[in-house]
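I have placed the structure first, in the form of structure tokens, so that the comments after it can refer back to it.
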Amino acid sequence: MHRSRHGEGRGPSQRQLKVGELVRRAVSDVLMRGDLHDPDLERFSITVSEARMSPDLRHAEIFVMPLGGAGEDEVVALLDRNRQELRRAVTREVKLKFSPDLRFRLDRSFDRMDETRRLLADDRVKRDLDEDDAPEDDDGEAR
């Protein structure tokens, strides 16, 4: 049976997770300190929520969201414009064999969390959840 080199169908390795967290923290620190000399980017407060590393650790997909969600597309474009400077800053802070190529994406998990909360607040869902929590008698039926 053929084994995939990149572990398709499996989650990231411990090394990918560890390096991803180091890269996430480095990008976040650089943005927080204002080390990039781009006045357009300094207007935004940016949350760096995750960095996903490729199996060979040469590419990092960085998930970001501007505070309040305003200017999402502009933030990604500004980060892309400053990609090389960010890459150099990450390389100084995280010692790796190769400097990872940074790709910036909007983090949509916040939107999904809001939608999940909205669905769980629906009266029909609450009713179904309450029925599941009803105490059972000796026959295993809800009272």
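Per-structure values
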item	result
The one condition in (1) under 14 Å from PHE104 (Cβ atoms); (2) over 17 Å from the mean Cα position of the chain (by Cα) that ASP56 fails to fulfil	(1)
Unique match (being within 13 Å of the chain's Cα centre (by Cα) and touching a residue at least 60 places away in the same chain (Cβ under 8 Å)) among SER49, SER28	SER49
Test result for ASP38, over 17 Å from the mean Cα position of the chain (by Cα) and among the charged types (D, E, K, R)	yes
Positions within segment 121-137 being in contact with a Lys or Arg (Cβ under 8 Å, 6 or more places away or on another chain) and either modelled with pLDDT of 75 or more or assigned to a loop (DSSP other than H, G, I, E, B) (or both), in sequence order	ALA134, PRO135, ASP137
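The values are calculated or read from the model by the stated rules, or taken from the named source; none is laboratory data. Since we're looking at a predicted model, the values are computed, not measured. Quick reminder, even Gly has a Cβ in these numbers, built from the backbone with ideal geometry, and neighbours come from all protein chains shown.
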